[in-house]
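> Dropping a structure here in structure tokens format, bear with me for questions.
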Amino acid sequence: MATHWTLGCDAADPHALAAFWAEALGYVAEPGYDDPDGASIVDPEGRGPAIGFLRVPEGKTAKNRMHIDLRVAGEPPWEMAERELLIRAKVIDLVEQGAAAVREELYDDHLGHVVMLDPEGNEFCVA
């Protein structure tokens, strides 16, 4: 049996970063969690892990050692043209929410993933 777990994240503005990731992942604020220096989001269907954001005084200074990959195209096998459209649509949505697209990575002449930065500069990928 798998162990339930929570991803813990540092943040300058935990509520703003939680709102961004809730939108990106289809999560919601954790019911009953009320902390001015922290925020927590959960999968409304109860399947994915909770993600907590705690205020820290220092800013981000280096590349993430771990990051989230958003798999908007689902599991293979894929129709590559349709997969690319799904990735590009999600990237546009995330940019509108405050993220930045950094670069595109190609695999066998097809879009593999897009490297992005969340509003606080944390790297993640959309695939």
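> Quick one: in segment 76-127, of everything that is acidic (Asp, Glu) and within 24 Å of Cys9 (Cβ to Cβ), which residue is surrounded by the fewest Cβ atoms within 10 Å (Cβ to Cβ)?
Glu96
> Residues to consider are Val72, Val56, Val42, Val28; find the one that is aliphatic (A, V, I, L, M) and touching a Pro at 6+ places or on another chain (Cβ under 6 Å).
Matching residue, one of Val72, Val56, Val42, Val28: Val28.
> Considering segment 94-127 alone, what residues qualify as being of a type outside the set (A, V, I, L, M, F, W, C) and either free of Cβ contacts under 8 Å to residues at least 24 places away in the same chain or touching a Lys or Arg at 6+ places or on another chain (Cβ under 7 Å) (or both)?
Glu96, Arg103, Glu104, Glu105, Tyr107, Asp108, Asp109, Gly112, Glu120, Gly121, Asn122, Glu123
> Can you name the condition, by its number, that Leu17 falls short on among (1) surrounded by fewer than 17 Cβ atoms within 10 Å (Cβ to Cβ); (2) at negative phi; (3) out of contact with any Gly (no Cβ under 7 Å at 6 or more places or on another chain); (4) not hydroxyl-bearing (Ser, Thr, Tyr)?
Evaluating Leu17 over (1) surrounded by fewer than 17 Cβ atoms within 10 Å (Cβ to Cβ); (2) at negative phi; (3) out of contact with any Gly (no Cβ under 7 Å at 6 or more places or on another chain); (4) not hydroxyl-bearing (Ser, Thr, Tyr) leaves (1) as the failure.
> Does Gly8 satisfy the criteria of being small (Gly, Ala, Ser), part of a strand (DSSP E or B) and out of contact with any Lys or Arg (no Cβ under 7 Å at 6 or more places or on another chain)?
In short, yes.
> For Ala73, all conditions in the list (1) outside the structural domain of Gly98 (by TED's automatic domain parsing); (2) surrounded by 12 or more Cβ atoms within 10 Å (Cβ to Cβ); (3) at pLDDT below 95 hold save one; what is the number of the exception?
With (1) outside the structural domain of Gly98 (by TED's automatic domain parsing); (2) surrounded by 12 or more Cβ atoms within 10 Å (Cβ to Cβ); (3) at pLDDT below 95 applied to Ala73, the lone miss is (1).
> Quick check: anything in segment 37-59 within 18 Å of Val126 (Cα to Cα), touching a helix residue (DSSP H, G or I) at 6+ places or on another chain (Cβ under 8 Å) and surrounded by fewer than 16 Cβ atoms within 10 Å (Cβ to Cβ)?
Scanning segment 37-59, I find at least one residue that is within 18 Å of Val126 (Cα to Cα), touching a helix residue (DSSP H, G or I) at 6+ places or on another chain (Cβ under 8 Å) and surrounded by fewer than 16 Cβ atoms within 10 Å (Cβ to Cβ), so the answer is yes.
> Go through Asp10, Asp35 for me and flag whichever is more than 23 Å from Ala99 (Cα to Cα) and modelled with pLDDT of 95 or more.
Exactly one residue qualifies, and that residue is Asp35.
> Here's something else I'd like to know. Condition first: assigned to a helix (DSSP H, G or I) and basic (Lys, Arg). Now tell me which residues in segment 65-97 satisfy that.
Listed by number, the residues that qualify are Arg83, Arg88, Lys90.
> List the residue pairs whose Cβ atoms are under 6 Å apart, where the first residue sits in segment 12-33 and is over 29 Å from Leu86 (Cβ atoms), the second is surrounded by 15 or more Cβ atoms within 10 Å (Cβ to Cβ) and modelled with pLDDT under 95, and the two are 6 or more positions apart or on different chains.
none
> Here is a further query. Could you please find all residues in segment 1-14 being exposed (fewer than 15 other Cβ atoms within 10 Å of the Cβ) and among the aliphatic types (A, V, I, L, M)?
Met1, Ala2, Leu7
> Looking only at segment 28-64, filter to residues that are within 19 Å of Leu117 (Cβ to Cβ) and not in a strand (DSSP E or B); which one of those is farthest from the chain's Cα centre (by Cα)?
Glu58
The values are calculated or read from the model by the stated rules, or taken from the named source; none is laboratory data. The model shown is predicted, which means the values in this text are computed figures rather than measured ones. Note: ideal-geometry Cβ built from the backbone for every residue, glycine included; neighbour counts use all protein chains shown.
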